[in-house]
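The next block holds one structure in the form of structure tokens; read it before the comments.
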Amino acid sequence: MATVESSEGPTSTANPSKVTAGNESIDSTSIDHWGRSEDFRKALRSAFDPIYRYWFRVEWEGLDKIPKQGPALLVANHSGALPPDALSIMQGIEQGIGRPVYGLADNLFRTIPALNIAWSRGGGVSANPDNAYRLLADEGQLVLAFPEGIRGPLKPFSERYTLRRFGRGGFVETAMRAGVPIIPIAVVGAEESMPVIARVPIPKSQIGIPYLPITLNHVLFGPVLGSVLWFPAKIRIRVLEPVVIDAEPGEARYSRSKVLEESTKIEELIKRAITDMLRRRKNVILG
Amino acid sequence: MTGLSSFWGFRTAKQLVESGDFELVVGVDSSPPPEPLDGLDYIRSDQSYSSLARLVKRTEVDTIVHTFLVLSSASISRRAMHEINVIGTMNLLGAAGQSGSKVKQIVVKSSSLIYGSSFRDPTFFTETSPRAFSPRTEIERSLIEAEAYIQEFAEDKPHVDLCVLRFPNVIGPTVEADLSQALIRGVAPVVLGFDPLLQFVDEEEVLSVIRFVTGNSLSGVYNVSGDGRIPWSSVYTEAMARPLPISPLMSEQFTRLYQALGIAKVPRELIDLLRFGRGIDNRKLKNAGYEYGQTTSEAVRSFAEYAASLRSEPPSIEEPKAII
């Protein structure tokens, strides 16, 4: 599907030295209509780089399977109370391939003062099917989704590397409708970066989180530092073969059973990759 | 033309008269237009257009341009708003749909306010996107009710081209829109910790869109907005306006306090917008053939320059028009 929007192509890393008309100081030139700012991403990447390189020592397998151009829906497992996987995947692709990645996330982020701005400028987009469709079908972008949602990071450490339900397969339906490949990604190491050892239920939670996670990091480093200081677990990211679903794009509705079948298939692919990666792993810290 | 003496009514009427495409332009309102215009007939009516039926019959008008929906609760009572938006629209449609009516097209200037603004919204509303939550403000409720009448009418009278235009925030030197006026005054309400992405159109673009659809037998609902969205912080920085902080908690109490102290008037429907912003998908109108004159940031840039220039001049001796 061709790009429909003509005059406002999404700002991309391809033209960082975008020539602006006149010499206006307006900083919006770097902020696209999703709220993502390449300048902010650049700053975020350089801040996260030492953590990415020396703390987590992130290692990729099959990064070349991410397309250099054209849309794709990246689907990964999600873990760690403060999950480092999203940042790491975005970092790796943006540095390695030079393409922006839009991360779909729970819209509860949008309600938190200050954080909502950083989230949006950092490439976060509300996980809304219309948003995903437009990014993929109309704008040809890379979109990263965690179908487990918030349940992934909140699961207790005893259940590490067991995947939570992949939603209701909405991500598959969007990929089918947009006619784009799904690229499954398996992440190992994020679970151990901030293990959830207890969960305090929040009664009548208004903020979208049913539990307050208590982590091992909290126990060792205290409530403040422990909320942000990860353990230096080795993170490995494996990109699997793109899955092209055989379906006519643009339909209003897809068969529920087909959607669930494809969703389960992708879940299985990721599970199998995780099992394999865990088997090869000798040490949580060293990898 | 409805609301002839209002800002939009008069500007639109003037444009239509000057275009020369219309044999006769009749404007109705409760007060006469600011200046007489050749080729424009003024007919007095009450705010809810109860006398419109006779007028439609007598003048045999074929096009109605309804620009008088109230889109801000800043300086109008609930009752008056309801009377104008809901009852006014109802009477207008009643008049247009009566037997013997020659009306072929109705153009309504509505607002993207109808989508609301919440954290659950899609980044871009299409014309068919539902709201995330039911409306909490009177103005949104009245717009929804008015558009529901319009929808009903469109179903009942398929031979009439009913065109609803949903505009985002309008800016310009003369328009009486909340954010535009705030920027001109140099005081920009800001909900702390939020920097929403907004869309803007220039007042001239509004007229040009109305001109485009009028007589063009376009029907249906159309979102209108230049390409792109712009963070509110860029807008008021560029316009050199001072941010007026609103606490993210108890925002409404804050704005009421500002209003009581005479510092600023921030209507309720703006608070959520200043938190979550709003985006509307403008592609339907583009596909219908309209070419936007400006993107959102171009519109903002030229307006901001104007607004900033107003305040870089030496302070005038003349008393401020109103306290915000």
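The values are calculated or read from the model by the stated rules, or taken from the named source; none is laboratory data. Being a predicted model, the structure only gives us computed values, none of them experimental. Note that each Cβ is placed from the backbone with ideal geometry, even for glycine, and that neighbours are counted across all protein chains shown. Please note that ligands, DNA and RNA were not included when accessible areas were found on the heavy atoms of the full protein model with its side chains. Shrake-Rupley method; radii C 1.70, N 1.55, O 1.52, S 1.80 Å.
Brief remarks on what is shown
- By a 1.4 Å probe calculation restricted to protein chains, B:E155 has an accessible surface near 130 Å², given to the nearest 10.
- Neighbour net charge for A:W119 - beta-carbon separation under 13 angstrom, K R +1, D E -1: +2
- Take the accessible area of chain A alone and of chain B alone, subtract that of the pair, and you get about 2400 Å² summed over both chains, using a 1.4 Å probe.
- Computed magnitude of the charge dipole of chain B (debye, nearest 20; Cβ of K, R +1, Cβ of D, E -1): 760 debye
- Solvent-accessible area assigned to carbon and sulfur over chain A amounts to 58 percent, based on a 1.4 Å probe.
- Per residue, the solvent-accessible area of chain B (1.4 Å probe, heavy atoms of protein chains only, all protein chains present) comes to 43 Å².
- For B:L55, the shell of other residues with beta-carbons less than 15 Å away shows a net charge of 0, using +1 for Lys and Arg and -1 for Asp and Glu.
- Which of A:G149, B:S233, B:N282, positive extreme of dipole for the protein assembly as shown (C-beta unit charges): A:G149
- Computed log10 I(q)/I(0) for chain A at 0.08, 0.09, 0.16 Å⁻¹: -0.34, -0.43, -1.39, from the Debye equation with unit scatterers placed on every C-alpha and solvent omitted.
- Choice from A:Y54, A:Y161, A:Y102 with maximal GNM fluctuation in chain A (Cα, 10 Å cutoff): A:Y54
- Close amide H contacts of B:V107 (hydrogens built in the peptide plane, cut-off under 5 Å, sequence separation of 5 or more or a different chain): B:I64, B:V65, B:H66, B:C163.
- Extreme residue, positive dipole direction of region A:207-262, given options A:G222, A:P232, A:V259 (C-beta unit charges): A:G222
- Bins of 10 Å from zero: percent of alpha-carbon pairs in region B:27-128: 13, 39, 31, 14, 4
- Two-decimal Rg/Rh across the protein assembly as shown, once Rg and the Kirkwood Rh are taken from alpha-carbon atoms: 1.02
- Placed amide H near A:L212: partners under 5 Å, 5+ positions off or other chain: A:V200, A:I202
- In region B:210-248, comparing the full protein assembly with the chain on its own, the residues that lose 10 Å² or more of accessible surface at a 1.4 Å probe are B:D227, B:G228, B:R229, B:I230, B:P231, B:S234, B:E238, B:P248.
- Region B:86-139 and region B:1-25 have Cα centres lying 22 Å from one another.
- Among the GluC sites (Glu not before Pro) in region B:235-315, those located in a DSSP loop and surrounded by at most 14 other Cβ atoms within 10 Å of their own Cβ are B:E291.
- Antiparallel bridge percentage (DSSP; both residues within the protein assembly as shown; nearest 5): 20 percent
- Residues of region A:145-179 with amide N under 20 Å of a point placed 7 Å along Cα→Cβ from A:T264: A:147-149, A:162-176
- Kirkwood-type radius of region A:63-115, with distances r between different C-alpha atoms, in Å: 12.8 Å
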